[in-house]
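Throughout, read-outs are computed from the coordinates displayed, never taken from laboratory work. The structure displayed is predicted, hence computed values, not measured ones. Positions of Cβ are generated from backbone atoms using ideal geometry, with glycine treated the same way; all protein chains shown enter the neighbour counts.
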Amino acid sequence: MYNLVLLAARPPEWTHERFIAWWRGEHAELTRRLPGLRSWRHTDIDAALEPRSEGWDGLSVLSFDTAEDLRKALQSAEWAAAVAQVGDMRGRRIAVMGGETEMYDS
């Protein structure tokens, strides 16, 4: 799998609950349409283990078969619509992508 990982913090005027509801609801409707999307996992962050990790609300992992599939999704009209919906929310985001390696499977 090749993943797009997004770590996000809500806009300052939003509550954590509002942001997660939007991310898993209204925003998810657009995200699910990305061409080549194989799976999508979302974590609602409810605690930080250390002070430097505080201030984040959620983490999404969007998985694709290949790096090329992800690049095509990022060039799609569906991605443009999702980005447009986010607009100028003034939240924070870290977005990275890379290949996945299974390290442990019980």
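Some points to look at:
- Here's the picture: a label point sits 7 Å out from the Cα of A48 along the beta-carbon direction, and within the stretch 73-106 the residues with their amide nitrogen under 17 Å of it are 91-95.
- Of the trypsin sites (Lys or Arg not before Pro) in the stretch 25-106, those whose Cβ has at most 16 other Cβ within 10 Å and which sit in DSSP loop: R32, R33, R90
- Evaluated with a Cβ-only charge set (Lys, Arg +1; Asp, Glu -1), the chain carries a dipole of roughly 320 debye about its Cα centre, given to the nearest 20.
- Cα lying deepest toward the dipole's positive end in the chain, options L59, W79, V96, charges on Cβ: W79
- Secondary-structure-derived ellipticity at 222 nm for the chain, considering helices only, amounts to -8500 deg cm²/dmol, per-run term -39500 (n - 2.57) for DSSP H runs with n ≥ 4.
- For the chain: span of alpha carbons on each principal axis (Å, largest first): 36, 36, 20
- In this calculation the C-beta distance from Y104 to A84 is compared with R0 = 22 Å, giving a FRET efficiency of 0.05.
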